[in-house]
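Okay, here's the structure, questions in a sec.
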Amino acid sequence: MPKNRAQGIIFGILMSVTMAYGMEVYNVAWKMGIPTMPGGFSNMTNVVFWDALLEAAYMWLFVFLFSNLWGTRGGAALAEKIVDPERDSAFVQGTVRSCCTVLIMCPTMSLVASILFNVVLGGMPVAQLPAIWVGTLIKNFPMALLWNLFAAGPVSRLVFGRFFSHVGMHDRESDGSLVPDARSGLVPEYVEADSRD
(Lines give C-alpha, C1' and ligand atoms only; values in the text may rest on other atoms or scores of the structure.)
Protein backbone atom coordinates (compact mmCIF):
# COMPACT_ATOMS: atom_id res chain seq x y z
CA MET A 1 0.00 0.00 0.00
CA PRO A 2 1.07 3.65 -0.31
CA LYS A 3 4.15 4.64 1.68
CA ASN A 4 4.13 8.42 1.13
CA ARG A 5 1.81 11.24 0.15
CA ALA A 6 2.50 11.01 -3.60
CA GLN A 7 1.78 7.29 -3.65
CA GLY A 8 -1.35 7.92 -1.58
CA ILE A 9 -2.62 10.40 -4.15
CA ILE A 10 -1.97 7.97 -7.00
CA PHE A 11 -3.74 5.15 -5.16
CA GLY A 12 -6.63 7.49 -4.35
CA ILE A 13 -6.99 8.40 -8.01
CA LEU A 14 -6.97 4.72 -9.02
CA MET A 15 -9.68 3.90 -6.46
CA SER A 16 -11.74 6.94 -7.41
CA VAL A 17 -11.64 6.14 -11.13
CA THR A 18 -12.46 2.44 -10.71
CA MET A 19 -15.27 3.13 -8.22
CA ALA A 20 -16.76 5.91 -10.34
CA TYR A 21 -16.66 3.90 -13.55
CA GLY A 22 -18.20 0.77 -12.04
CA MET A 23 -20.98 2.74 -10.39
CA GLU A 24 -21.66 4.69 -13.57
CA VAL A 25 -21.99 1.47 -15.59
CA TYR A 26 -24.54 0.32 -13.01
CA ASN A 27 -26.45 3.61 -12.94
CA VAL A 28 -26.44 4.14 -16.71
CA ALA A 29 -27.93 0.65 -17.08
CA TRP A 30 -30.63 1.64 -14.58
CA LYS A 31 -31.36 4.87 -16.49
CA MET A 32 -31.83 2.83 -19.65
CA GLY A 33 -34.28 0.58 -17.81
CA ILE A 34 -32.15 -2.52 -18.39
CA PRO A 35 -32.70 -4.10 -14.93
CA THR A 36 -36.49 -3.91 -15.39
CA MET A 37 -36.47 -5.82 -18.71
CA PRO A 38 -37.00 -9.58 -18.80
CA GLY A 39 -33.51 -11.00 -18.36
CA GLY A 40 -32.34 -7.90 -16.46
CA PHE A 41 -28.69 -6.95 -16.80
CA SER A 42 -28.20 -9.65 -19.43
CA ASN A 43 -29.76 -7.14 -21.87
CA MET A 44 -26.87 -4.68 -21.53
CA THR A 45 -25.23 -3.46 -24.71
CA ASN A 46 -21.84 -1.86 -25.24
CA VAL A 47 -23.36 1.63 -25.36
CA VAL A 48 -23.67 1.41 -21.56
CA PHE A 49 -19.88 1.29 -21.22
CA TRP A 50 -19.41 4.37 -23.40
CA ASP A 51 -22.13 6.43 -21.66
CA ALA A 52 -20.71 5.41 -18.28
CA LEU A 53 -17.24 6.48 -19.36
CA LEU A 54 -18.56 9.96 -20.22
CA GLU A 55 -20.12 10.36 -16.77
CA ALA A 56 -17.20 8.78 -14.90
CA ALA A 57 -14.86 11.25 -16.64
CA TYR A 58 -16.00 13.89 -14.13
CA MET A 59 -17.67 11.89 -11.33
CA TRP A 60 -14.32 10.44 -10.24
CA LEU A 61 -13.30 13.96 -9.23
CA PHE A 62 -16.21 14.12 -6.76
CA VAL A 63 -15.26 10.67 -5.42
CA PHE A 64 -11.63 11.73 -5.00
CA LEU A 65 -12.57 15.04 -3.34
CA PHE A 66 -15.06 13.66 -0.83
CA SER A 67 -13.03 10.57 -0.01
CA ASN A 68 -10.10 12.86 0.86
CA LEU A 69 -12.25 15.31 2.80
CA TRP A 70 -13.98 12.76 5.02
CA GLY A 71 -14.66 9.38 3.43
CA THR A 72 -11.31 7.68 3.94
CA ARG A 73 -10.65 9.19 7.38
CA GLY A 74 -14.20 8.52 8.55
CA GLY A 75 -14.06 4.94 7.31
CA ALA A 76 -10.74 4.36 9.06
CA ALA A 77 -12.03 5.88 12.32
CA LEU A 78 -15.16 3.75 12.23
CA ALA A 79 -13.15 0.61 11.42
CA GLU A 80 -10.86 1.24 14.41
CA LYS A 81 -13.90 0.92 16.68
CA ILE A 82 -14.75 -2.49 15.18
CA VAL A 83 -11.45 -4.31 14.64
CA ASP A 84 -8.76 -5.37 17.08
CA PRO A 85 -5.30 -5.18 15.44
CA GLU A 86 -3.93 -7.79 17.84
CA ARG A 87 -6.72 -10.26 17.15
CA ASP A 88 -7.86 -9.59 13.58
CA SER A 89 -5.80 -10.44 10.51
CA ALA A 90 -4.72 -7.79 8.02
CA PHE A 91 -7.34 -9.18 5.61
CA VAL A 92 -10.16 -8.71 8.14
CA GLN A 93 -8.93 -5.23 9.05
CA GLY A 94 -8.74 -4.18 5.38
CA THR A 95 -12.16 -5.62 4.59
CA VAL A 96 -13.79 -3.87 7.55
CA ARG A 97 -12.11 -0.60 6.60
CA SER A 98 -13.37 -0.90 3.01
CA CYS A 99 -16.91 -1.61 4.26
CA CYS A 100 -16.79 1.36 6.64
CA THR A 101 -15.52 3.66 3.88
CA VAL A 102 -18.41 2.59 1.63
CA LEU A 103 -20.76 3.23 4.56
CA ILE A 104 -19.67 6.88 4.46
CA MET A 105 -18.96 7.38 0.76
CA CYS A 106 -22.13 5.79 -0.66
CA PRO A 107 -24.52 8.22 1.07
CA THR A 108 -22.21 11.08 0.11
CA MET A 109 -22.00 10.15 -3.57
CA SER A 110 -25.70 9.26 -3.70
CA LEU A 111 -26.44 12.80 -2.52
CA VAL A 112 -24.08 14.28 -5.11
CA ALA A 113 -25.68 12.19 -7.87
CA SER A 114 -29.21 13.09 -6.68
CA ILE A 115 -28.44 16.79 -6.75
CA LEU A 116 -26.58 16.69 -10.06
CA PHE A 117 -28.63 14.25 -12.12
CA ASN A 118 -32.11 14.57 -10.62
CA VAL A 119 -32.37 18.18 -9.45
CA VAL A 120 -29.92 20.18 -11.59
CA LEU A 121 -30.08 18.20 -14.85
CA GLY A 122 -33.42 16.42 -14.33
CA GLY A 123 -35.43 19.41 -13.10
CA MET A 124 -36.92 17.67 -10.06
CA PRO A 125 -38.05 20.00 -7.25
CA VAL A 126 -35.48 20.52 -4.48
CA ALA A 127 -38.23 19.68 -1.96
CA GLN A 128 -38.12 16.08 -3.26
CA LEU A 129 -34.39 15.76 -2.68
CA PRO A 130 -34.65 13.76 0.60
CA ALA A 131 -36.77 11.07 -1.07
CA ILE A 132 -34.61 11.04 -4.20
CA TRP A 133 -31.49 10.71 -2.05
CA VAL A 134 -32.89 7.81 0.00
CA GLY A 135 -34.04 6.02 -3.17
CA THR A 136 -30.65 6.53 -4.81
CA LEU A 137 -28.88 5.27 -1.68
CA ILE A 138 -31.06 2.13 -1.49
CA LYS A 139 -30.32 1.38 -5.13
CA ASN A 140 -26.58 2.11 -4.98
CA PHE A 141 -25.43 0.71 -1.63
CA PRO A 142 -25.36 -3.03 -2.46
CA MET A 143 -23.51 -2.40 -5.72
CA ALA A 144 -21.08 0.08 -4.14
CA LEU A 145 -20.17 -2.40 -1.39
CA LEU A 146 -19.72 -5.36 -3.73
CA TRP A 147 -17.91 -3.33 -6.39
CA ASN A 148 -15.50 -1.92 -3.80
CA LEU A 149 -14.74 -5.28 -2.21
CA PHE A 150 -14.54 -7.47 -5.31
CA ALA A 151 -13.52 -5.18 -8.18
CA ALA A 152 -12.37 -1.60 -7.54
CA GLY A 153 -10.27 -2.41 -4.47
CA PRO A 154 -8.49 -5.48 -5.87
CA VAL A 155 -7.94 -3.90 -9.31
CA SER A 156 -6.59 -0.68 -7.80
CA ARG A 157 -4.23 -2.59 -5.50
CA LEU A 158 -3.05 -4.77 -8.39
CA VAL A 159 -2.34 -1.80 -10.68
CA PHE A 160 -0.72 0.15 -7.84
CA GLY A 161 1.39 -2.87 -6.94
CA ARG A 162 2.59 -3.26 -10.53
CA PHE A 163 3.64 0.38 -10.68
CA PHE A 164 5.31 0.54 -7.26
CA SER A 165 6.50 -3.01 -6.62
CA HIS A 166 10.10 -1.87 -7.20
CA VAL A 167 10.00 0.96 -4.62
CA GLY A 168 12.32 0.19 -1.72
CA MET A 169 13.27 -3.25 -3.02
CA HIS A 170 16.45 -2.59 -4.99
CA ASP A 171 18.81 -2.91 -2.03
CA ARG A 172 17.23 -6.11 -0.74
CA GLU A 173 17.00 -7.68 -4.20
CA SER A 174 20.73 -7.25 -4.74
CA ASP A 175 21.58 -9.37 -1.70
CA GLY A 176 18.94 -11.97 -2.57
CA SER A 177 16.86 -11.51 0.58
CA LEU A 178 13.76 -10.51 -1.39
CA VAL A 179 12.92 -12.47 -4.49
CA PRO A 180 9.41 -12.18 -5.93
CA ASP A 181 7.68 -15.54 -6.31
CA ALA A 182 6.96 -15.66 -10.04
CA ARG A 183 4.88 -18.83 -9.64
CA SER A 184 2.33 -17.19 -7.36
CA GLY A 185 1.82 -14.12 -9.55
CA LEU A 186 1.53 -12.09 -6.35
CA VAL A 187 3.26 -8.80 -5.85
CA PRO A 188 5.59 -8.95 -2.83
CA GLU A 189 4.74 -6.75 0.11
CA TYR A 190 6.22 -3.28 0.08
CA VAL A 191 9.29 -2.41 2.01
CA GLU A 192 8.85 0.64 4.20
CA ALA A 193 10.38 3.51 2.25
CA ASP A 194 11.91 6.55 3.89
CA SER A 195 9.59 9.51 3.50
CA ARG A 196 9.87 13.10 4.57
CA ASP A 197 6.14 13.78 4.05
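Answer yes or no as to whether residue 20 is part of a helix (DSSP H, G or I), surrounded by fewer than 20 Cβ atoms within 10 Å (Cβ to Cβ), modelled with pLDDT of 95 or more and at negative phi.
no
Could you list, ordered by first residue, the pairs with Cβ atoms under 9 Å in which the first is in segment 54-72 and charged (D, E, K, R) and the second is at pLDDT 95 or above and open to solvent by 60 Å² or more (accessible area, probe 1.4 Å), at least 6 apart or interchain?
As it stands, the answer is 55/21, since those pairs meet every condition given.
Let me ask you something else. Could you check residue 2 against (1) assigned to a loop (DSSP other than H, G, I, E, B); (2) open to solvent by 70 Å² or more (accessible area, probe 1.4 Å) and say which number it fails?
Result: residue 2 passes all but (2).
Name the residue, out of 131, 113, that is farther than 24 Å from residue 152 by Cα and out of contact with any strand residue (DSSP E or B) (no Cβ under 8 Å at 6 or more places or on another chain).
Unique residue meeting the criteria: 131.
If you don't mind, there's one more thing I want to ask. State all residues of segment 50-67 that are open to solvent by 60 Å² or more (accessible area, probe 1.4 Å) and either farther than 28 Å from residue 29 by Cα or hydroxyl-bearing (Ser, Thr, Tyr) (or both); if no residue qualifies, say none.
The answer is 58, and nothing else.
Scan (1) modelled with pLDDT of 95 or more; (2) part of a helix (DSSP H, G or I); (3) surrounded by 14 or more Cβ atoms within 10 Å (Cβ to Cβ) for the single condition residue 88 breaks and write down its number.
(2)
Same structure again: Starting from segment 118-137, take each residue that is at negative phi and surrounded by 13 or more Cβ atoms within 10 Å (Cβ to Cβ) and list its partners that are of a type in the set (A, V, I, L, M, F, W, C) and assigned to a loop (DSSP other than H, G, I, E, B), counting only C-beta distances under 9 angstrom and pairs at least six apart or across chains.
118/124; 132/124
On the given criteria, is residue 13 of a type outside the set (Lys, Arg) and in contact (Cβ under 8 Å) with a residue 24 or more places away in the chain?
When the stated conditions are applied, residue 13 passes them.
The values are calculated or read from the model by the stated rules, or taken from the named source; none is laboratory data. It should be emphasised that the depicted structure is a prediction, and the values quoted were computed from it without experimental measurement. When we count neighbours, we look across all protein chains shown, and the Cβ atoms used for this are built from the backbone with ideal geometry, even at glycine. Each accessible area value is taken on the protein alone, full model and side chains, heavy atoms only, with ligands, DNA and RNA left out. Shrake-Rupley method; radii C 1.70, N 1.55, O 1.52, S 1.80 Å.
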